[in-house]
1. Got a sec to turn the phi values of segment 122-130 into Karplus ³J(HN,Hα) couplings, 6.51 cos²θ - 1.76 cosθ + 1.60 with θ = phi - 60°, whole Hz, x for Gly and Pro?
2. Tell me which chymotrypsin sites (Phe, Trp or Tyr not before Pro) from segment 82-182 have a DSSP coil assignment and no more than 12 other beta carbons within 10 Å of their own.
3. Using Cα pairs under 8 angstrom and six or more residues apart, how large is the relative contact order of segment 116-196, in percent?
4. Could you size up the charge dipole of segment 116-196 around its Cα centre, putting +1 on the beta carbon of Lys and Arg and -1 on that of Asp and Glu, and report it in debye to the nearest 20?
5. Across segment 116-196, what fraction of all alpha-carbon pairs, as a whole percent, falls in each successive 5 Å bin from zero upward?
6. From Cα pairs below 8 angstrom and at least 6 apart in sequence, can you work out the relative contact order of segment 51-196, rounded to a whole percent?
Amino acid sequence: MTEAGKAGPGPEAARITASSAQARAAVAAAFRAEAGHLTASLVRSLGDFDLAEESLQEAVVQALEHWPREGIPRRPGPYQIEAAIAACHAEAPSFESTDWVQVVALYDLLLEIEPSPVVSLNRTLAIWRLAGAQVAFRELDQLATELDDYHIYHAARGELLSEMGYDEQARAARLKAHDLTHNQAERALLRQRLLL
């Protein structure tokens, strides 16, 4: 809320409306401005120049596809990394075959550019797939203070605890996640997980 009690800018304020030509020009400008830094960071994280270049190119393709429809993000660097993460998931033939090493490396890069507890949580979930529940749980525990009122944190905690065999604690975490969300689809899924 603003001082006058009026609602402030909504989520759409994070994007600039643009025509297709403006969006293409913005993608080109963002690529010129960010490509060197992002490529170097991706090479450092992934250890593979070709893979880094491919990830960045995929991010450009995603931006060319989405920016004309959804608007231009005010900070395209993080958007490009998020697009590369989405591409990792989309290109994998199955969830299990996702390149989790690349996903973790991309989250590391995103945390450098735009650190947040939610990005850390997403990275932790990728770590789970890469290194197992115990390693991920230790990382998740470090986010407890910042994410205690976030239902996804508690849902993830429930899944990790369940995988480690702590069924009662898993149930308590899932119940807390259920109580924190108002989304009916998420509540139904959590109710189903509570019955397991």
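Readers should treat all values here as calculations from the given coordinates under stated rules, not as data from a laboratory. Since the model is a prediction, treat every value here as computed from it, not as a measurement. For neighbour counting, all protein chains shown are included, and Cβ atoms are generated from backbone atoms with ideal geometry for every residue, glycine included.
1. 4, 4, 4, 5, 5, 4, 3, 5, 8
2. Hits after loop and neighbour filter: Phe95.
3. Numbers: 80 pairs, mean separation 18.6, N = 81.
Relative contact order here is 23 percent.
4. Magnitude of the dipole: close to 240 debye.
5. Reading upward from the zero bin: 3, 18, 28, 24, 20, 7, 0.
6. Details: 142 pairs, mean separation 19.4, N = 146.
Once divided by the residue count of segment 51-196, the mean separation gives 13 percent.
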